[in-house]
Amino acid sequence: MNVGIIGSGTMGSGIAQVAATAGCKVKLYDTNQAALDNAKAALEKILSRLIEKGRIDANEKERIQSNISYVDTLRDLSDSNLTIEAIIENLEIKQKVFKELETYVTDQCIIASNTSSLSIASIAASLEKPERCVGIHFFNPAPLMKLVEVIPAVQTSKEVLDTSVQTISDWKKVVAIAKDTPGFIVNRVARPFYGEALRIYEEGIADFATIDWSLKTLGGFRMGPFELMDFIGNDVNYTVTETVFTAFYFDPRYKPAFTQKRFAEAGYLGRKSGRGYYDYAEGAEKPIPNEDQELAQSIFDRVLVMLINEAADALFLNIASAEDIDNAMTKGVNYPKGLLSWADEKGIDWCVSQLDKLYDEYHEDRYRCSPLLRRMKKTQKTFF
């Protein structure tokens, strides 16, 4: 298969490596020659490190590298069977690129976007043959993260969807099929991990370190929400939250937090700026969490039940199957358990009771219980 990748940044380069490793002939396109040179140098470094770790040998390194060529004109992708765009999250720019690309490729070429939040239907609408368009959303770093969300637009043909799913599966990735709604699965369901943690902080219940400690210690999360936001970048995470909030017609469940907005405005972006919720300067002391078990349990329960509620609502609205939702969260963002499996473990009655307590206290639509959880409580059903 001939694969064209548009954009040689971290994500585009990572997808190129995945496709080349799977035996595809890949053309990595970028208008910036320096960016292409950097992508080539980065791949050399990554593959050399894999040799050092004993994961590949020199022949495999050469095979992967020989499968990738670097091009600086879009016309060079004309022989592609599949193209995947991984450029800036701007709808107009993506539409413009897709319109031009379609004039070069064959009618059979699948044109895919790696967007994490934009409407696939809107992107597809820029094409003469919108049925060939699909969302194929990798997670960073693409060679390491197992999950890929495949998102058909309302225009996408069944053949294009089936071929895309089969191709990504052949690349040894776990596919989760998601409806074309804001945030798809992961970026939608994960919002409370950040949003509810910020709310707990803003209410003065606990500081950043204590909230992070609670979720790591009791929940088994690899990183706490504030550590993770610092890792992602406060500006990036805030923008995703704001985008999802706006796209859902300002549903209070996705309401951004002023704390994060102010930190982003102040330039406290996290690790990349040297300061975020934590100070990353050399010699800076990390704050000590309050290890009170009762406090930790209340924090963990509140964040967990909000995550479960979001996952249940995604299933209720047919965003994805229960299996795909749980796979998305464990393999896309490394959650310790699938949220719907976690709901079964905690008990549906517990989930409904916790949400109703929050709603009774706040009377905010943010804490409304998913109708699916209420139905399951009445029928005593479980997700799995």
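The values are calculated or read from the model by the stated rules, or taken from the named source; none is laboratory data. What you are looking at is a predicted structure, and each value in this text was computed from that prediction instead of being measured. Please note: Cβ atoms are built from the backbone with ideal geometry, for glycine as well, and neighbour counts cover all protein chains shown. Just so you know, the surface numbers come from the protein's heavy atoms only, side chains and all, with ligands and any DNA or RNA stripped out. Shrake-Rupley method; radii C 1.70, N 1.55, O 1.52, S 1.80 Å.
Some points to look at:
- Of the residues contained in the stretch 242-257, one or more are found to be farther than 30 Å from Asp292 by Cα, surrounded by 19 or more Cβ atoms within 10 Å (Cβ to Cβ) and either aromatic (Phe, Trp, Tyr) or more than 20 Å from the chain's Cα centre (by Cα) (or both).
- Members of the stretch 365-383 that are within 28 Å of Ser116 (Cα to Cα) and exposed (fewer than 14 other Cβ atoms within 10 Å of the Cβ): Asp365, Pro371
- Restricted to the stretch 41-75, and to residues there that are of a type in the set (Ser, Thr, Tyr) and assigned to a helix (DSSP H, G or I), the residue that is most open to solvent (accessible area, probe 1.4 Å) is Ser66.
- Single match in Tyr277, Tyr268 (criterion: of a type in the set (Phe, Trp, Tyr), open to solvent by 70 Å² or more (accessible area, probe 1.4 Å) and part of a loop (DSSP other than H, G, I, E, B)): Tyr268
- Taking (1) open to solvent by less than 50 Å² (accessible area, probe 1.4 Å); (2) modelled with pLDDT under 95 in turn, Pro289 satisfies each apart from (2).
- When every residue of the stretch 346-362 is checked against the conditions, at least one turns out to be among the aromatic types (Phe, Trp, Tyr), closer than 25 Å to Thr259 by Cβ and open to solvent by 70 Å² or more (accessible area, probe 1.4 Å).
Residue-wise test of (1) more than 20 Å from Arg253 (Cβ to Cβ); (2) assigned to a loop (DSSP other than H, G, I, E, B); (3) touching a Leu at 6+ places or on another chain (Cβ under 7 Å); (4) touching a residue at least 60 places away in the same chain (Cβ under 8 Å).
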position: Lys179; (1), (2), (3), (4): no, yes, no, yes
position: Gly183; (1), (2), (3), (4): no, yes, no, yes
position: Ala197; (1), (2), (3), (4): no, no, no, yes
position: Ile200; (1), (2), (3), (4): no, no, no, yes
position: Ala209; (1), (2), (3), (4): yes, no, no, yes
position: Thr217; (1), (2), (3), (4): yes, no, no, yes
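- The residue that is farthest from the chain's Cα centre (by Cα), among those in the stretch 190-217 that are open to solvent by less than 60 Å² (accessible area, probe 1.4 Å) and under 15 Å from Lys337 (Cβ atoms), is Leu215.
- Looking only at the stretch 12-40, residues that are open to solvent by less than 40 Å² (accessible area, probe 1.4 Å) and either in contact with a Pro (Cβ under 8 Å, 6 or more places away or on another chain) or in a helix (DSSP H, G or I) (or both) come to 12 in all.
- Boolean, Glu159 is open to solvent by 40 Å² or more (accessible area, probe 1.4 Å) and either of a type in the set (D, E, K, R) or more than 20 Å from Val244 (Cβ to Cβ) (or both): yes
- Total residues in the stretch 76-135 satisfying the condition of being open to solvent by 20 Å² or more (accessible area, probe 1.4 Å), closer than 17 Å to Ser8 by Cα and among the charged types (D, E, K, R): the figure is 2.
- Among the residues of the stretch 189-208, those that are in contact with a Phe, Trp or Tyr (Cβ under 8 Å, 6 or more places away or on another chain) and not aromatic (Phe, Trp, Tyr) comprise Arg191, Gly195, Ala197, Glu202, Asp207.
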